[in-house]
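Peer 1: Attaching a single structure in structure tokens format; questions to follow.
Taken together, the values in this text are just the output of simple stated rules run on the coordinates, not laboratory data. For clarity, every value in this text was computed on a predicted model and none was experimentally measured. Cβ placement follows ideal geometry from the backbone for every residue including glycine, while neighbour counts extend to all protein chains displayed.
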Amino acid sequence: MKTELFDYPLPGSLIAQEPLPERDSSRLMVVERGSGDIAHRRFSDLTRLLSPGDCLVVNSSRVFPGRLHARKETGGSVELLLLERVADGTWAVLVGGARLRPGVRLSFSRSPISAEVVEGPVEGKATVRFEALKGEAKAIDEMIFDCGTVPLPPYIKEGPADMERYQTVYSNREISAAAPTAGLHFTPRLLEELKDAGVIVARLELAVGLDTFLPVREEDIEDHGIHREWFSVDERCAGTLQDVRARGGRVVAVGTTVVRALETVAEPGGRVLPGSGRTGLFITPGYRFRAVDALVTNFHFPRTTLLMLVCAFGGRPLVMDAYRAAVGERYRFYSFGDAMLVLR
């Protein structure tokens, strides 16, 4: 299948630069695959769009403060963007600024840590080992986070004054390089309303990586080598979903990360098993979904694996029609933008 089939024109003015004052006041496009209908609602209407016994599955990962500014011993400035923990104190990073090579040492202003480049850079990626001064009681990764800031996507020029707006209200462990953005629309009040309406909430973890947002460069999507991300579906989450299925409820994935995790551990009959590891599941049109009945998602970049997954779930012609309608109706796009609910 040609990558160009997942392209669409988007005016830059529709890329949301900051969140709305209220998380759940964003718009919600409702797309029904069975009927082909497209409706325009508010995210706060979600309580009326789901049914008692349905289960929302959320990714509870939190974005770590992974943007660090360092200086080489020779004086050059370096920016590090943490990608993934390789081992305690050792990270895969994106580097910018002064040229690096293995053996180069880095220091951090007003911080008791230093670092050494151990591999790379190759195509902007390197492996860096961090060290703390002797006598420091904190864990090394905690000290790394102390001198970092939460990174925002590059298309957001300034961002919100309150960086908690780039975290979900149910976020927990700091394991992601970017936010699972479909969850940014939920408020504690809306979650309580959903629970009062009989909607169940289950949690899993997937460590969102920056590669997830990159466009597919190959002409044919079959030639693309997808990134791999760590995930965990624990026994509690898996058991909840088995109970929901047995009662006839729907599994509603909040975000493409949740879809990848659930579909990775689902059996052919739809039963979700507990499991963890690294998933390289590439979901494209033609994929037969096992575990997920509905999807809450944001509007994604053209030519990305995220858009391809949504097209697989909702049907490519309908989803691309929905994107064209979103542009025409001036929906807000990307991380701080509006949302879509896709029903099968």
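Peer 1: Please rank VAL86, VAL258, fewest neighbouring Cβ atoms within 10 Å first, as an exposure proxy.
Peer 2: On the way: VAL86 15, VAL258 30.
Lowest to highest Cβ neighbour count: VAL86, VAL258.
Peer 1: Kirkwood-based Rg over Rh for segment 1-154 (C-alpha set), two decimals?
Peer 2: Here the Rg-to-Rh quotient is 1.13.
Peer 1: Along Cα→Cβ, 7 Å out, is where each label goes; now give me the distance between the ones at SER13 and TYR287 in nm to one decimal.
Peer 2: 3.5 nm
Peer 1: Still on this structure: Cut-off 17 Å, label point 7 angstrom out along Cα-to-Cβ of HIS227: give me the residues of segment 92-107 whose amide nitrogen falls inside.
Peer 2: Hits in segment 92-107 for HIS227 at 17 Å: 92-96.
Peer 1: If you take the beta carbon distance between ASP45 and ASP196 as r and set R0 to 22 Å, what does 1/(1 + (r/R0)^6) give as a FRET efficiency, to the nearest 0.05? Provide the component values of the computation, followed by the final result.
Peer 2: Working: r = 15 Å, r/R0 = 0.69.
It comes out at approximately 0.90.
Peer 1: Given a Förster distance of 45 angstrom, what is the FRET efficiency for GLU235 paired with ARG101, based on the Cβ-Cβ distance and rounded to 0.05?
Peer 2: 0.50
Peer 1: With label points built 7 Å along Cα→Cβ from the Cα atoms of ASP220 and ALA87, find their separation and express it in nm.
Peer 2: About 4.1 nm, to one decimal.
Peer 1: Under 13 Å Cα-Cα from LYS157, which aspartates and glutamates qualify once same-chain neighbours fewer than 8 residues away are excluded?
Peer 2: GLU18
Peer 1: Right, here's the next one. I'd like the Karplus ³J(HN,Hα) series for segment 261-271: coefficients 6.51, -1.76, 1.60, θ = phi - 60°, whole numbers in Hz, and an x wherever there's a Gly or Pro.
Peer 2: Along segment 261-271, the couplings run 5, 5, 5, 5, 9, 7, 7, x, x, x, 5 Hz.
Peer 1: Tally the DSSP beta bridges in segment 1-118 and give the antiparallel ones as a percent, rounded to 5.
Peer 2: Among the beta bridges of segment 1-118, antiparallel pairing accounts for roughly 100 percent.
Peer 1: Here's a follow-up. Where in segment 100-132 are there trypsin sites (Lys or Arg not before Pro) that are in a DSSP coil and have at most 12 other Cβ atoms within 10 angstrom of their Cβ?
Peer 2: ARG110
Peer 1: Restricting to DSSP loop positions (anything but H, G, I, E, B) with no more than 14 other Cβ atoms inside 10 Å of their own Cβ, which GluC sites (Glu not before Pro) remain in segment 1-92?
Peer 2: GLU22, GLU73
Peer 1: Next question, about the same structure. At q = 0.08 Å⁻¹, what base-10 log of I(q)/I(0) does the Debye formula yield for the chain when every alpha carbon is treated as an equal point scatterer in vacuo?
Peer 2: Result of the Debye calculation: -0.40.
Peer 1: Could you identify which residue out of SER109, SER44, SER276 has the top mean-square fluctuation in a GNM of the chain using Cα springs shorter than 10 Å?
Peer 2: SER109
Peer 1: Another question, then. Calculate the length of the line joining the C-alpha centroid of segment 132-194 to that of segment 250-294, in whole Å.
Peer 2: Going from one Cα centre to the other spans 25 Å.
Peer 1: Extent of segment 1-44 along each principal axis, from alpha carbon coordinates, in Å, largest to smallest?
Peer 2: Principal-axis extents of the Cα atoms in segment 1-44, largest first: 40, 30, 14 Å.
Peer 1: Each residue of segment 237-247 in turn: what ³J(HN,Hα) in whole Hz from Karplus with 6.51, -1.76, 1.60 and θ = phi - 60°, glycine and Pro shown as x?
Peer 2: For segment 237-247, the Karplus-derived couplings read 4, 4, x, 4, 5, 5, 5, 4, 4, 4, 8 Hz, x marking Gly and Pro.
Peer 1: Under 37 °C and 0.692 mPa s, how fast does segment 67-146 diffuse according to Stokes-Einstein, given a Kirkwood radius computed over C-alpha pairs? Answer in µm²/s, whole number.
Peer 2: On the way: Rh = 12.4 Å.
Once the numbers are plugged in, D ends up at 265 µm²/s.
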